[in-house]
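**Q** A single structure is presented below for examination.
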Amino acid sequence: MDEKESHLDISLSPPTTHLQVQKPAMDDRTEEAPPRESTNPQADTENPDGIQERGKWANRTEFLLSMTGATIGLVNLWRFPYLCFKNGGGVFFIPYFVCLFFCGIPVFFLETALGQYTSEGGVTAWRKICPMFEGIGIAWQVIVMYLNVYYIVVLAWAIFYLFNSFKNPLPWSTCYNSWNTGQCVNQSSTSSINATDEYYDFDTWKTPEDEFWNFRVLGKTEGLDEPLGPVRWELALCMLLAWVICYFCIWKGVKSTGKVVYFTATFPYLMLFILFFRGVTLPGAWEGIKYYLYPDIYRIANMDVWCDAATQVFFSHTVCLGVLTALGSYNKYNNDCYKDCLALCILNSATSIFAGFVVFSVLGFMAYELDRSVEDVAASGIGLAFLAFPKALSLLPGAQFWSVLFFLMVLFLSLDSQFFCVESLCTAVADMFPHVMRKPWRREILVLGIVLVCFLLGLPLVTNGGMYVFELMDIYGASGTSMLFIVCLETLVIGWVYGANRFYDNIEDMIGYQPFPVIKYCWLFLTPLICTITLSFSLNDIWHRQTLSGLSLVSACLLMLAPLMCIPVYIFVALCKSCSNGNREITAPSSDLRQACPHKPRLTLCERVIFEGQRTSHRGAEEEKLVGEGTSGV
């Protein structure tokens, strides 16, 4: 497959977090806004109307572990190492870190700070910051809905393999099973086959792990234009089990999630370290690591390498999904989200690099055992997790033990990413309709509804032809093209419409100091420029490599355009409302938001004022009163 790939802080103080105080221009900062310590998070209590206030993380550790679990997943394990190998080894680190520092960290920080400042989920955060661009938040939720539907299938596969890992011998290590064909060649035979053997037709023989994957797990059909076939009940039950686990991880919101992540976010690291120490002690391991890191300096001039680096940064840091904004919204107002984001981004990249040593040490061993080159056995994505690695582990003494460890790691890496995607959607819906959703047991029912709908929508992905649907949703639904466009737009809106200087003032009011100034210029210039260049090459690649037709082509177009169309649609709606109401403040933030320095310019460059201060919109609060009355941040 081609990969384009909470707990509450109790406070009895009145909720005055984002109260805006207007002062004359000559007043200093301390006169313009109350001290930061006076802004209290919402209490986990009920008001006389029975509306429960939003919760807060019980402590900073819960937030950091939740962000770790949400952002570090299979893309770190199965995509980054292969991209290094494919794009010049150690040379790939250069474009990767350039994109990380000038795109990944600024956008990661922007989305997290947006949630912490507004105390809102992905949709209402944009409604309060800039009503005209509320469609960005809707686009986030469309993409996250795609992930909720199809990413759970990866957990189902991992559970299926986990159950089969207890069998002896491993079912993907032999050709003596009911699903095997006459073209299957036993693992013990493949190392002795060479080009002079006339008995074997090398274009048709299959390995046992290939046949286990294609025939036992997937039951693949010829293509999407063919009937999908019946639901594979074993995979459907595995998917149901995965959804049950996800539900009970997040059904109580930050109350349950904050405790679960102590295990789910740390356990994969334990597994990763165990596999690392086992991998580097295997014969041939260092040959694999050399293939992973050996630099090919000439690859640095290839634009495809830079495109891979940019898309990897965005995929691995979970931007454009509303997850960072949702998790940040449960922070205390004065949490130092800047340092948190820097630490999390460094941890994310370090995990990706470390995972490369684990992957290629094992692949080097497999190449040694099969007497092949590392290049022949290297794989990415699904092929790495469910073909190459199981094959390599089956060659080890105690193969069942190592297979159980590996698929437990895959399961927990996927689990965190999955239930935080559901949490993002749930938070967005609850914040859009607070008077409906913030009553006892409403959240549990909402989460259950999302789980049931996503389970039913996911059933076509566990049919005989489900893999083709999975590939369409993976490549065109949560596509790098859509993400690049949205990232470019959200940085431009914050930088030029809301105002980078004003957002810096908001952040300083929260954390007590201003972040490194370069981030401001990344929002204004560097990130949109890099995203635009990468997007142009991505579109060109799609245009020249597109091989779909019929229903597949129509489905791909709809999947890619659906989130992007939300943005112009909401802009049009905002313009129509503005014209009908005679209100021109469609870009002004809500009056609910606390503005520490309302008289200061929104944007300055080289000490020149680009945009003067902007009065806030009172329309925002009035509209919210109509849809649900009450906000999570005030």
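**Q** Of the conditions (1) over 21 Å from residue 77 (Cα atoms); (2) within 21 Å of the chain's Cα centre (by Cα); (3) not in a helix (DSSP H, G or I), residue 380 clears all except one; give me its number.
**A** Checking residue 380 against (1) over 21 Å from residue 77 (Cα atoms); (2) within 21 Å of the chain's Cα centre (by Cα); (3) not in a helix (DSSP H, G or I), the one that fails is (1).
**Q** For residues that are part of a loop (DSSP other than H, G, I, E, B) and not hydrophobic (A, V, I, L, M, F, W, C), scanning just the range 254-313, find the one that is nearest to residue 367 (Cα to Cα).
**A** 284
**Q** Being of a type outside the set (Gly, Ala, Ser) and either outside any helix (DSSP H, G or I) or modelled with pLDDT of 95 or more (or both) is true for just one of 415, 459, 387. Which residue is that?
**A** Going through 415, 459, 387 in turn, the sole match is 459.
**Q** Only one of these conditions is not met by residue 578: (1) part of a helix (DSSP H, G or I); (2) modelled with pLDDT under 90; (3) more than 30 Å from residue 504 (Cβ to Cβ); (4) among the hydroxyl-bearing types (Ser, Thr, Tyr). Which number is it?
**A** With (1) part of a helix (DSSP H, G or I); (2) modelled with pLDDT under 90; (3) more than 30 Å from residue 504 (Cβ to Cβ); (4) among the hydroxyl-bearing types (Ser, Thr, Tyr) applied to residue 578, the lone miss is (3).
**Q** When the range 582-605 is examined, which residues are found to be surrounded by 13 or more Cβ atoms within 10 Å (Cβ to Cβ) and more than 30 Å from residue 333 (Cα to Cα)?
**A** 583 - this is the single residue of the range 582-605 that is surrounded by 13 or more Cβ atoms within 10 Å (Cβ to Cβ) and more than 30 Å from residue 333 (Cα to Cα).
**Q** Please verify whether the range 143-159 includes one or more residues that are farther than 18 Å from residue 425 by Cα, of a type outside the set (A, V, I, L, M) and surrounded by fewer than 23 Cβ atoms within 10 Å (Cβ to Cβ).
**A** Looking through the range 143-159, none of the residues is farther than 18 Å from residue 425 by Cα, of a type outside the set (A, V, I, L, M) and surrounded by fewer than 23 Cβ atoms within 10 Å (Cβ to Cβ).
**Q** For the range 499-529, name all the residues that are crowded, with 23+ Cβ neighbours inside 10 Å and either of a type in the set (Ser, Thr, Tyr) or under 22 Å from the mean Cα position of the chain (by Cα) (or both).
**A** Across the range 499-529, the qualifying residues are 519, 522, 523, 527.
**Q** Further question on the same structure: Kindly evaluate residue 347 against the criterion of being surrounded by 18 or more Cβ atoms within 10 Å (Cβ to Cβ) and outside any loop (DSSP other than H, G, I, E, B).
**A** It is false that residue 347 is surrounded by 18 or more Cβ atoms within 10 Å (Cβ to Cβ) and outside any loop (DSSP other than H, G, I, E, B).
**Q** Quick check, is residue 261 within 25 Å of the chain's Cα centre (by Cα) and at pLDDT below 95?
**A** Considered against the rule, which asks whether it is within 25 Å of the chain's Cα centre (by Cα) and at pLDDT below 95, residue 261 comes out as yes.
The values are calculated or read from the model by the stated rules, or taken from the named source; none is laboratory data. Because the structure is predicted, anything quoted here is derived from the model rather than measured. Virtual Cβ from ideal backbone geometry, glycine too; neighbours counted across all protein chains shown.
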